[in-house]
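The values are calculated or read from the model by the stated rules, or taken from the named source; none is laboratory data. Predicted model, so just to flag it, every value in this text is computed and none were measured. Note: ideal-geometry Cβ built from the backbone for every residue, glycine included; neighbour counts use all protein chains shown. Areas reflect the complete protein model, heavy atoms only, side chains present, ligands, DNA and RNA absent. Shrake-Rupley method; radii C 1.70, N 1.55, O 1.52, S 1.80 Å.
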Amino acid sequence: MFDHCLYFNTTALARVVEKEWASAFKPFGLTPPQGFMLRLILARPGLSQHELASELTISRPTATRLLDGLQTLGLVERRDSDFDARHWSIFPTAAAEKIHAALNAASGQVTQRIQRTVGKDNFLETVGKVREVCSALK
């Protein structure tokens, strides 16, 4: 019935993949959205909330909620922006830096497990096609 439905098939895939990432980030006390945001902050410290939201393709209010959660966990801090007093720059804390390598390793393990299951070429082609469709629909 839904063989050709982009919405149904991508959300079905998202639910399956969500379980994998939830399992990977659980030892860190993070949800998948928090885990990905923290990984971005660790990789590119100093981004603004707007830049984080844009990079993660989420709304600014969603970014605020995620940042609030990460700040409550002591993993990020907001600092006054050098370029605009109305904005914050987001930085990882020492606690975040301590889990950086383990967080990336957990992410890498999930990716490798999925690649082994579906085949590396299929995985890379699927990710590429999903990104293309997403970009075209923006």
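Restrict the check to the stretch 9-16 and report whether at least one residue is at pLDDT below 95, small (G, A, S) and over 15 Å from the mean Cα position of the chain (by Cα). For the stretch 9-16, residues at pLDDT below 95, small (G, A, S) and over 15 Å from the mean Cα position of the chain (by Cα): present.
Listed conditions (1) modelled with pLDDT of 95 or more; (2) in a helix (DSSP H, G or I) are all met by E77, apart from (2). Surrounded by 12 or more Cβ atoms within 10 Å (Cβ to Cβ), at pLDDT 95 or above and of a type outside the set (K, R): is that true of F36 in this structure? In short, yes. Only a single item in (1) open to solvent by 70 Å² or more (accessible area, probe 1.4 Å); (2) touching a helix residue (DSSP H, G or I) at 6+ places or on another chain (Cβ under 7 Å) is not met by D82, and it is number (2). Taking the stretch 95-114 as the range and being within 13 Å of L30 (Cβ to Cβ) and more than 16 Å from the chain's Cα centre (by Cα) as the test, only A95 passes. In the set T93, T64, T11, T72, only one residue is hydroxyl-bearing (S, T, Y) and within 27 Å of T126 (Cβ to Cβ); that residue is T11. From F36, F8, which residue is in contact with a helix residue (DSSP H, G or I) (Cβ under 8 Å, 6 or more places away or on another chain) and among the aromatic types (F, W, Y)? Checking each option against the conditions leaves just F36.
From the set of residues in the stretch 1-36 that are in a helix (DSSP H, G or I) and among the small types (G, A, S), which is nearest to V110 (Cα to Cα)? Among those residues, the one meeting the criterion is A24. Of everything in the stretch 85-106 that's in contact (Cβ under 8 Å) with a residue 12 or more places away in the chain and within 28 Å of K138 (Cα to Cα), which residue is surrounded by the fewest Cβ atoms within 10 Å (Cβ to Cβ)? Step by step, filter the stretch 85-106, then rank; the result is H87. Among the residues making up the stretch 69-79, those that are surrounded by 11 or more Cβ atoms within 10 Å (Cβ to Cβ) and closer than 22 Å to P27 by Cα are G69, L70, Q71, L73, G74, L75, V76, E77.
The residues in the stretch 50-68 that are in a helix (DSSP H, G or I) and surrounded by fewer than 19 Cβ atoms within 10 Å (Cβ to Cβ) can be counted, and the count is 11. When E18, E55, E51, E77 are checked against the criterion of being without any contact (Cβ under 8 Å) to a residue 60 or more places away in the chain and touching a strand residue (DSSP E or B) at 6+ places or on another chain (Cβ under 6 Å), a single residue qualifies: E77.
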